[in-house]
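As structure tokens, the structure follows; a few thoughts come after it.
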Amino acid sequence: MRSSQEAFDLIVEQEVTSKAVYEKKYQRPEWPGASSGVTVGIGYDLGQTSAATIRKDWQGVVDPAMLEVMVGCSGITGDAAKAYLPKVHDKIFITWDQAIKVHQNCVIPKWEKMVSDNLPNTDILSPNQFGALTSLTFNRGASYNKDGDRYKEMRNIKTHMANKNLAAIPNEIRSMKRLWEGKTLPGLLARRDAEADLFETG
């Protein structure tokens, strides 16, 4: 994991808040809504993940019978996943330690690779800076080449990385708050501030 522990903790906090909240609300699978699939652990969407990847990530972490139930959720998304959730709800139980293990060893490295693959000069970033961009990418996708006003700041970050103008990046992250201001999404506004602050500490 190239990201700092602070960045990892930020991502976990934004996804499930804390260990106490996780153990109260997220040890059983859920359906977050929209086009999501049945989701387990720390935002691990089984519906959006291939059967092969689920096996690779969770083998040896959960027992074989539970793993087969999880694999069976692959490819089921949206309303179909909502309908499917009751069939698997009581058959999947992911502890905090299991969730953290897969998130740290399997999930975050995939997103870190997306950052490295989509942005130039990531080798010059500190662990805090790299982790801040990993958190951003985890939340918004690797949308650094997408057209349209919605992705203006993402494109600007790629330009700043190409020019090694790291000082300009925190302002781009904060500028994205314009997309959610006036909506009931205070968590996203706070996340952008936290990512910008973390980048600046790098």
Look through segment 175-202, keep the residues that are within 21 Å of residue 121 (Cβ to Cβ) and charged (D, E, K, R), and return whichever of them is most open to solvent (accessible area, probe 1.4 Å).
200
Selection within segment 10-45 - within 12 Å of the chain's Cα centre (by Cα) and in a helix (DSSP H, G or I)
10, 11, 12, 13, 14, 15, 16
Which count do you get for residues in segment 63-101 that are loosely packed, with under 15 Cβ neighbours inside 10 Å and of a type in the set (A, V, I, L, M, F, W, C)?
4
Quick one: would you say residue 202 is closer than 16 Å to residue 4 by Cβ and in contact (Cβ under 8 Å) with a residue 24 or more places away in the chain?
yes
Please list, ordered by first then second residue, the pairs with beta carbon atoms under 8 Å, 6 or more apart or interchain, first in segment 144-165 and under 17 Å from residue 115 (Cα atoms), second of a type in the set (Lys, Arg) and in a helix (DSSP H, G or I).
144/155; 144/158; 145/155; 145/158; 146/155; 154/140
Could you say whether any residue in segment 102-119 is of a type in the set (Val, Ile, Thr), open to solvent by 40 Å² or more (accessible area, probe 1.4 Å) and at pLDDT 95 or above?
no
Enumeration of residues in segment 19-62 that are of a type in the set (Lys, Arg) and either crowded, with 21+ Cβ neighbours inside 10 Å or in contact (Cβ under 8 Å) with a residue 40 or more places away in the chain (or both):
19, 28, 56
So residue 89 clears everything in (1) touching a residue at least 24 places away in the same chain (Cβ under 8 Å); (2) over 28 Å from residue 74 (Cβ atoms); (3) more than 17 Å from the chain's Cα centre (by Cα) except one condition, right? Which one?
(2)
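The values are calculated or read from the model by the stated rules, or taken from the named source; none is laboratory data. It should be emphasised that the depicted structure is a prediction, and the values quoted were computed from it without experimental measurement. So basically every Cβ, Gly included, is an ideal-geometry build from the backbone, and we count neighbours across all protein chains shown. Accessible surface areas use protein heavy atoms only, side chains included; no ligands, DNA or RNA. Shrake-Rupley method; radii C 1.70, N 1.55, O 1.52, S 1.80 Å.
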